[in-house]
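The values are calculated or read from the model by the stated rules, or taken from the named source; none is laboratory data. What you see is a predicted model; the values in this text were computed from it and never measured. Cβ placement follows ideal geometry from the backbone for every residue including glycine, while neighbour counts extend to all protein chains displayed. When the accessible area is computed, the model is the full protein with side chains, heavy atoms only, and any ligands, DNA or RNA have been set aside. Shrake-Rupley method; radii C 1.70, N 1.55, O 1.52, S 1.80 Å.
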Amino acid sequence: MTVAAAFFYLFSCVCVASAFMVIASRNPVHSVLFLILAFVNAAGLFILMGAEFLAMILVVVYVGAVAVLFLFVVMMLDVDFAELRQGFLQYLPVGALVGVIFLIELVLVVGSFVIDPALVKTPIAAIPPASEMSNTAALGHVLYTRYLYFFQASGLVLLVAMIGAIVLTLRHKPGVKRQDVARQVARTRDTAIEVRKVPFREGV
Amino acid sequence: MAAVPMFALAPALPEIVLAASALLLVLIGALRGERAAGLIEALTFVALLVAGFLVVTQGGERLETFGGSFVVDAFARFAKVMTLVGSAAALLMSGDFLRRAGINRFEYPILILLATVGMMMMISAGDLIALYLGLELQSLALYVVAAIDRDNARSSEAGLKYFVLGALSSGMLLYGASLIYGFTGTVSFAGIAQALQGEGHAGAIFGLVFIAAGLAFKISAVPFHMWTPDVYEGAPTPVAAFFAAAPKMAAMALLVRVFITAFPGIVDQWRQIIVFVAIASMALGSFAAIGQRNIKRLMAYSSIGHMGYALVGLAAGTAEGVQSVLVYMAIYLVMTLGTFAFILSMRREEGPVEGIDDLAGLARTQPYAAYGLTILFFSLAGIPPLAGFLAKWYVFAAAVEAKLYTLAVIGVLASVIGAYYYIRVVKIMHFDDPAGAAFTPMSAGQKVVFALASIVILILMLPGAPAPLNGAALAAARSLF
């Protein structure tokens, strides 16, 4: 219990601190790196809650793909963030006002939030306790059986997305040199080598 | 059920065949490149015919698979046959146009095929997740084909506009679906219907409004119609012909299925939405089309109006109402395919033309085409003995039986006003002096679709001829109640 609590405070402190550094650091590349740190710590928090599948997805998708993409964009576009921030103080009062309104609304909502007991009794299948089945196993049990249709249909949707991206953007440029293995293999001595009689002492 | 052991996924066999042939055709296209475009077009057509055959031979009973997410009943079969007819006809008449425009990419028929799979999944959807996945599969393929002429700015604009607005409507639909799930605790249509018995379901009605908005976008009904004229005009004509037929049929079938099977307990609440959408669509379809000079834009407004008339039948909320919606959509499909087969053939030596003025004097230069088109336009207008009149008669009769007198009267008035612009086109064809040289001859595919559509509209005039269509539609409608 105390170990878990210690880890919870460690992960959450690092997470909040790195989230703050994302907006506070002067160098955009550092911002993205802090964002990755925040994601990893959030994944740690998920593991502490027993949601190991979400934790893995967070690391694989957000850290592995999205954050790296951000990093590429930030490094390639060379945006001058110092310049972008110049008008910051000008908009601060409006931004602060909106923020305060949101905070008040959030407090009101959370303060009065009650789940109707009539709604709670509806789950169709009982949720097995975490000690019997992990999240990942539970998802695996239904993904390829109960939800096979949706899984396959999503596959078709992704196929259409891929075909669409290729149809709309791929262009075959005429001047590009491509490797054609069949042509390379089909080369014979006759097609590749030209033997010339060079007159003696005259050069080519 | 007899004791014949049945392959568990058999109800979805047509969809499985279509999806597998799409995968195979992608492979052929990837290996053989653009040379395979003609072959792939032919094979896609064959695959659609095979799927149609499989749908027809499935028998009459209600089948379910994938745990109730996929439902095949008489309603689904009727709508699927119509959708397949729409896709196959659009494919048959578009090849020639695409070849001349230099955009006969091999991906085009494959995307049409995948969109058709999506439409059939929509029609058979038994819960909200299946609904959304089918809709997204169809819409994504449609976004891409709208922009398939990628070097043309207008086509790209059409694709982009359709994509952005379509994504917005999908968002609304999902928001509504999440509310419905939250308030009823289930995504299956049968479960939702069970949860919504009795009084007081404010939260679910809130979700229903968003679902109605998302689906109204897909059938281009009025508050969500803005994309239609621009997309029809900007997209290549074969794509507009496809958009006007099969996706409308599938989305209308989905709308009917969701409202009738998932929300039978709150008919009075959703009837208000449908009545409003129907009146607004009929009015806009009648008035906004009057000033159009481009025949594709005219057809866009015409399709908006026709969706309004079809929704009049749904507003009745009865089996007869649903029957009239199905008959209306079937006749609309035939009329619009025939008209677009002609629009696709509007081409002079210098290239395709789209102006209504270009039709001037058609009766003198191409009398057969002019008479065929006259039949189709009179039918679209709903002039009495023709099929379009029958379709309107059924929906208004269903509305009157459900005591929606105001709606029926407004519908009749709107169709009288709408008749003006259809008859104006007929007048230009028959009484104006020829504007230029005759159009180049129609391709074989366009001739087949145009002639068949005109003949079907004429045959439906004979006494007793609409009976099989009515019977099939009635059996389909009964299977929902």
Inset, instruction - Report ³J(HN,Hα) in whole Hz for each residue of the stretch B:59-70, in order, from the Karplus equation J = 6.51 cos²θ - 1.76 cosθ + 1.60 where θ = phi - 60°; Gly and Pro get x. - result: x, x, 7, 7, 10, 9, 8, 6, x, x, 6, 10
Legend entry - Among A:F7, A:L168, A:L143 the positive-end extreme of the charge dipole of chain A (Cβ point charges): A:L168
Inset, instruction - Multiply the residue gap between B:A30 and B:L165 by 0.36 nm, knock off their C-alpha separation, and tell me the result in nm, one decimal place. - result: 45.5 nm
Inset, instruction - Kindly tabulate the residues in the stretch B:9-58 with an accessible-area decrease of at least 10 Å² between the chain alone and the assembly of all protein chains, using a probe of 1.4 Å. - result: B:A19, B:L23, B:V26
Inset, instruction - Would you calculate, for chain B, the mean residue ellipticity at 222 nm contributed by helices, counting each DSSP H stretch of 4 or more residues as -39,500 (n - 2.57) and dividing by all residues, to the nearest 500? - result: -24500 deg cm²/dmol
Legend entry - A:M75, B:M249, B:M461, reordered so the largest accessible area comes first (probe 1.4 Å): A:M75, B:M461, B:M249
Inset, instruction - Could you please state how large a percent of the accessible area of chain A is carbon and sulfur, counting protein chains only and using a 1.4 Å probe? - result: 71
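What does the charge dipole of chain B about its Cα centre add up to, to the nearest 20 debye, if the Cβ of each Lys and Arg holds +1 and the Cβ of each Asp and Glu holds -1?
400
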Legend entry - Inter-label distance for A:F200 and A:R171, nm, one decimal - labels placed 7 Å from Cα along Cα-to-Cβ: 5.9
Inset, instruction - Could you do me a favour and compute the accessible area per residue for chain A, 1.4 Å probe, result in Å²? - result: 81
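Only sites in a loop by DSSP and with at most 10 other Cβ atoms within 10 Å count here; which chymotrypsin sites (Phe, Trp or Tyr not before Pro) in the stretch B:1-72 make the cut?
Answer by residue number: B:F7.
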Inset, instruction - Between the chain alone and the structure with every protein chain in place, find the residues of the stretch A:133-166 that drop at least 30 Å² of accessible area; heavy atoms, 1.4 Å probe. - result: A:R146, A:Y149, A:F150, A:A153, A:L156, A:V157, A:L159, A:V160, A:I163
Inset, instruction - Quick one: which residues, 5 or more positions from B:D127 or on another chain, have an amide H under 5 Å from its amide H? H modelled 1.01 Å from N in the peptide plane, none for Pro or chain starts. - result: B:F189
Inset, instruction - Roll a 1.4 angstrom probe over the protein heavy atoms and tell me the percent of accessible area of chain B that is carbon or sulfur. - result: 69
Inset, instruction - For B:S69, enumerate residues with amide H under 5 Å from its amide H, sequence gap 5+ or separate chain, H modeled in the peptide plane. - result: none
Legend entry - Probe 1.4 Å - accessible area at B:W393, Å² to nearest ten: 150
Legend entry - Positive-pole candidate from A:A42, A:V59, A:G95, dipole of chain A, charges at beta carbon: A:V59
Legend entry - the stretch B:266-480, dipole about Cα centre (Lys/Arg Cβ +1, Asp/Glu Cβ -1), debye to the nearest 20: 120
Inset, instruction - Check each residue of the stretch B:104-150 and keep those whose accessible area, probe 1.4 Å, is at least 40 Å² smaller with all protein chains in place than in the chain alone; give them in order of residue number. - result: B:E107, B:L114, B:M121, B:L133, B:L137, B:L140, B:V144, B:R150
Legend entry - Accessible area in square angstrom per residue, the stretch B:266-480, 1.4 angstrom probe: 37
Inset, instruction - Provide the FRET efficiency to the nearest 0.05 for the B:E401-B:Q272 pair, computing r from the beta carbons and using R0 = 30 Å. - result: 0.95
Legend entry - Residues whose placed amide H lies under 5 Å from that of B:I383, excluding near-sequence neighbours: B:F389
Legend entry - Area hidden from solvent between A and B (accessible, protein heavy atoms only, 1.4 Å, total, Å²): 2200
Inset, instruction - Run the dipole for the protein assembly as shown about the Cα centre, Lys and Arg Cβ at +1, Asp and Glu Cβ at -1, nothing else charged, and hand back the magnitude in debye, nearest 20. - result: 1460
Legend entry - Surface per residue (accessible, 1.4 Å probe) for the stretch B:143-259, Å²: 31
Inset, instruction - Work out, step by step, the length gained on full extension between A:F102 and A:Q179: first 0.36 nm times the residue separation, then minus their alpha carbon distance; give nm to one decimal. - result: 21.8 nm
Inset, instruction - Please turn the phi angles of the stretch A:174-190 into ³J(HN,Hα) values with the Karplus equation 6.51 cos²θ - 1.76 cosθ + 1.60 (θ = phi - 60°), one per residue in order, whole Hz, x for glycine and proline. - result: x, x, 7, 8, 10, 7, 10, 4, 4, 5, 5, 5, 6, 4, 10, 4, 5
Legend entry - the stretch A:146-158 - phi-based ³J(HN,Hα) in whole Hz, Karplus 6.51/-1.76/1.60, Gly and Pro as x: 5, 10, 4, 4, 5, 4, 5, 5, 4, x, 5, 4, 5
Inset, instruction - Could you tell me whether the protein assembly as shown comes out rounded, prolate or oblate from its Cα gyration tensor? Rule is a ≥ b ≥ c as square roots of the eigenvalues, rounded for a/c under 1.5, then prolate if a/b exceeds b/c, otherwise oblate. - result: oblate
Legend entry - Listed residues A:Y147, A:Y91, A:Y62, most fluctuating in chain A (Gaussian network, C-alpha, under 10 Å): A:Y91
